[in-house]
């Protein structure tokens, strides 16, 4: 199977194997916009209000974009520090060079994707899906916010809200495992996020794991890296993509998969939160797949009964029997005894702080992220040639 390096959740990491995109988990570590930006903001401020507050379809009208009105370009930002790297992208902590006095401390995460590498690694469709999905879901409290996207001769850019808390993965590894209260809190926020993606947009996220969850300054999570997200609705898709330990059986079987894969992954996530490692694991990815298809869960004796039960119901090998995908949908998940102490309105409207409060001393504090080497000399990087531009530039027109 594929091998490679997982380095940061804001990056879509891939290693090519024909017909597959599988991410291995390495060591268990750690005023206005340019015209297209304006159109983006306007496009996400419409839609009827849902009767279910967890399925918001309206957008955050109060959100203010604090960048200048001229066309955005890389030189509009000061690059402060690399937050993460991948095979064809780098995420920078950036600060706009021109800001109002009230916004002088505002910083962002700028994801830079080199066009030539996106094409070389056959990730054009994934990158387009990521931008499209993030534009559609702006306003949800537990999803990273896309403020703008733009491009230049060689690269694509996505300007995202900065989450100074870093990856929840890092906190989990330091703690080894989370207690029941912490696990339930973050599983509940993920549940509402999956419900919104599925029932408001028909989007399968397809890459749920601790590495793709960041914490904001108040200890709430933000789901990031939507490179594998795809609008499938009631249809099935056949692309093999994801992270081995979190793949659902139907993905491995290549029998067609849909929204149900995210509920399977939620079960794996709850287990990893409480135990410290996923239920199916081996150094050999093929053995992981065998365990997943077999579907035999083993629980430590000290794992709460309600947690064992919800994991068992979420990790049904037959997706038609899987909690979240069966009749009642996400409401059945929220009604499970595992979440009996959750006040869903308080959680959704962020009336409570999270159980983990990151140490953040100032808005641009990046101490919760790892250190990365300086970017390589651009002379050794792939060039987006005129031939490539003629063939692919129209596919990047959304940026």
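For residue 358, the conditions (1) in contact with a strand residue (DSSP E or B) (Cβ under 6 Å, 6 or more places away or on another chain); (2) farther than 29 Å from residue 191 by Cβ all hold with the exception of (2). Please go through the range 189-231 and give me each residue that is under 21 Å from residue 124 (Cα atoms) and assigned to a helix (DSSP H, G or I), ordered by number. Result: 212, single match.
Would you be able to say whether some residue in the range 106-124 is crowded, with 16+ Cβ neighbours inside 10 Å, within 30 Å of residue 282 (Cβ to Cβ) and at pLDDT 50 or above? Yes, the range 106-124 contains at least one residue that is crowded, with 16+ Cβ neighbours inside 10 Å, within 30 Å of residue 282 (Cβ to Cβ) and at pLDDT 50 or above.
The values are calculated or read from the model by the stated rules, or taken from the named source; none is laboratory data. These numbers come from a predicted model, not from an experiment. All Cβ positions, even for glycine, are placed from backbone atoms using ideal geometry, and neighbour counts span all protein chains on display.
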